[in-house]
1. So what's the projected area for segment 31-135, the Cα convex hull averaged over all directions, in nm²?
2. Taking neighbour counts of Cβ atoms within 10 Å as a proxy for exposure, in what order, fewest first, do Asp96, Asp113, Asp119 appear?
3. Give me the extension gain from Met84 to Glu50: residue separation times 0.36 nm, minus the current Cα-Cα distance, reported in nm with one decimal.
4. Counting Lys and Arg as +1 and Asp and Glu as -1, what is the net charge of the other residues whose Cβ lies under 14 Å from the Cβ of Glu98?
5. Note the full-extension length gain between Trp67 and Phe110 as 0.36 nm times their separation in residues minus their Cα-Cα distance, in nm to one decimal.
6. With Rg and the Kirkwood Rh both taken from Cα atoms, where does Rg over Rh land for segment 43-101?
7. Asp142 to Asp122: FRET efficiency via 1/(1 + (r/R0)^6), r the Cβ-Cβ distance, R0 35 Å, to the nearest 0.05?
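Please treat every number below as a calculation from the coordinates, not as lab data. Values in this document were obtained by computation on a predicted structure and should not be read as measured data. Heads up, the Cβs are rebuilt from the backbone with ideal geometry, glycines too, and the neighbour counts pull from every protein chain shown.
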Amino acid sequence: MKKILLLTVVLFYASGLFAQDGGPQMQNNGQSRYEQIQSAKIAFFTSELELTPKEAAEFWPVYNKLWKAREIAHRRIQSNMRTMCKALSEDSKTSDSELKAMVENYVNGFNDDGLIQRDYLDQFYKILPIKKIAKLYKAEEDFRIRMIHQLRKGGGMGERLEK
């Protein structure tokens, strides 16, 4: 019964992923690659963290906000990198002081990501026991590594993630 309730809660929070149009990169089953990765991530985290239904109900909204905030921070970092690359092009007349400001913005983006993680860690302390928080960070790294291996092998997300 507990597992059914947990699965229901997870599927409820995951349903937001399926409400959007998939766009041009649809896979065979009608999901975009992003949606497939997110679904696999939710299933992987649910299994690894062993969340109770109450924990899952509190965890997923906070985790989703964390992920969106980090995504925005990473987009800023990437944008700063593109700006630096343009400034380094042969025909650019960027001064050293302008280039220094670009480098500072780029490096500060990583600090912003760290501050976001710090803020959400404090929120996770209120929701989960420390062991599950540690499992969360381990699960994020394990999932990232598995995705890299999956992509290197040329496997699409239509295949199940290998354990």
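1. On the way: hull surface 35.1 nm².
Mean projected area of the Cα convex hull: 8.8 nm².
2. On the way: Asp96 7, Asp113 17, Asp119 11.
Going from sparsest to densest Cβ surroundings: Asp96, Asp119, Asp113.
3. Working: separation 34, 0.36 × 34 = 12.24 nm, distance 4.33 nm.
Difference between extended and current length: 7.9 nm.
4. On the way: positive: Lys86, Lys93, Lys100; negative: Asp96, Glu104.
After counting each charged neighbour, the total is +1.
5. Details: separation 43, 0.36 × 43 = 15.48 nm, distance 1.48 nm.
That works out to 14.0 nm of additional length.
6. Working: Rg = 20.1 Å, Rh = 14.8 Å.
Computed over Cα atoms, the ratio is 1.36.
7. That pair, Asp142 with Asp122, gives E of 0.90.
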